[in-house]
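Participant: The structure follows.
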Amino acid sequence: SMQGTQTGMVAKSVRDTTLNGVVVTKDEYMGFTDKTMLVCMPKKTDALCALAEKLNIGEKEYFLVSYGKGVTEEEQEIFRSYVTEKYPMVELYEINGGQEVYDFLLIVE
């Protein structure tokens with residue numbers, strides 16, 4: 001089952017750069033998987049939703065998100081609503097992971 005599993009992370013950028021054709025701006029939120037940059041956006045929830053799209057969650061059965069230490073209840077609700085409205089067939093599991101570096105850790109299967 002590991003073959004169908006993907007992981008993604010969202011974290012705040014510490015510098016300006018371009019990776020994999022994605023323009024990364026300092027203090028914006030990067031969404032990436034493995035070592036591949038996929039998105040960068042000013043709002044962390046927008047980066048999370050865009051990363052979920054890039055990970056093709058609509059084609060998956062299970063979606064787990066671990067919320068980092070700085071993620072608010074409002075941001076959790078924004079993402080929860082996004083997934084349940086846009087992808088009602090995907091089972092969403094949420095964990096308050098409290099991790100320091102990544103605002104969101106994603107696992108899709």
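Participant: For segment 21-109, compute the number of Lys pairs whose alpha carbons are separated by less than 18 Å, excluding pairs fewer than 8 positions apart on the same chain.
Facilitator: Total qualifying Lys-Lys pairs in segment 21-109 comes to 9.
Participant: Carbon and sulfur together cover what percent of the accessible area of the chain at a 1.4 Å probe radius? Can you show the working numbers first?
Facilitator: On the way: 3270 of 6390 Å².
Ligands and nucleic acids excluded, carbon and sulfur give 51 percent.
Participant: Please compute the net charge surrounding Arg15, taking Lys and Arg as +1 and Asp and Glu as -1 over other residues with Cβ under 10 Å from its Cβ. Each step should come with its number before you reach the end.
Facilitator: On the way: positive: Lys26; negative: Asp16, Asp27.
Result for the neighbourhood of Arg15: -1.
Participant: Shifting gears a bit: Counting pairs of alpha carbon atoms under 8 Å apart in space and at least six apart in sequence, what relative contact order in percent does the chain give?
Facilitator: Values: 228 pairs, mean separation 34.3, N = 109.
Worked out over the chain, it gives 31 percent.
Participant: Could you compute the net charge surrounding Val24? Neighbours are other residues with a C-beta less than 11 Å from the C-beta of Val24; K and R count +1, D and E count -1. Working shown, then result.
Facilitator: Working: positive: Lys12, Arg15, Lys26; negative: Asp16, Asp27, Glu28.
Around Val24, the charge tally is 0.
Participant: From the phi angles alone, apply the Karplus equation (6.51, -1.76, 1.60; θ = phi - 60°) to segment 85-96 and give each ³J(HN,Hα) in whole Hz, x where the residue is Gly or Pro.
Facilitator: Taking θ as phi minus 60°, the curve returns 7, 7, 10, x, 8, 8, 7, 9, 10, 10, 10, 8 Hz for segment 85-96.
Participant: If you take every residue apart from Lys44 with its C-beta less than 10 Å away from the C-beta of Lys44, what net charge results, scoring Lys and Arg +1 and Asp and Glu -1? Can you show the working numbers first?
Facilitator: Working: positive: Lys12, Lys43; negative: Glu28, Asp46, Glu75, Asp103.
Charge balance in the 10 Å sphere: -2.
Participant: Given H placed 1.01 Å from N in the peptide plane, which residues other than close sequence neighbours of Phe104 have an amide H under 5 Å from its amide H?
Facilitator: Those lying under 5 Å, H to H, from Phe104 are Val10, Gly68.
Participant: Provide, for q = 0.17, 0.23 Å⁻¹, the log10 of I(q)/I(0) from a solvent-free Debye sum over equal Cα point scatterers in the chain.
Facilitator: Ignoring solvent entirely, the Cα scatterers give -0.75, -1.32.
Participant: Per residue, how much accessible surface does the chain expose to a 1.4 Å probe? Answer in Å², no decimals. Intermediate results must be reported in sequence, preceding the final value.
Facilitator: Details: 6390 Å² over 109 residues.
That works out to 59 Å² for each residue.
Participant: Normalised by the residues of segment 1-53, what does the relative contact order come to in percent, with Cα pairs under 8 Å and at least six apart? Before the final figure, lay out the partial values.
Facilitator: Values: 98 pairs, mean separation 15.9, N = 53.
Here the relative contact order equals 30 percent.
Participant: Using 7 Å Cα-to-Cβ label points, what is the Lys86/Val22 separation (nm, one decimal)?
Facilitator: Here the answer is 1.4 nm between the modelled labels.
The values are calculated or read from the model by the stated rules, or taken from the named source; none is laboratory data. As the structure is a computational prediction, the values presented were derived from the model and not from experiment. Cβ coordinates were reconstructed from backbone atoms using ideal geometry, including for glycine residues, and neighbour counts include every protein chain displayed. Ligands, DNA and RNA are excluded from the accessible area calculation, which covers all protein heavy atoms including side chains. Shrake-Rupley method; radii C 1.70, N 1.55, O 1.52, S 1.80 Å.
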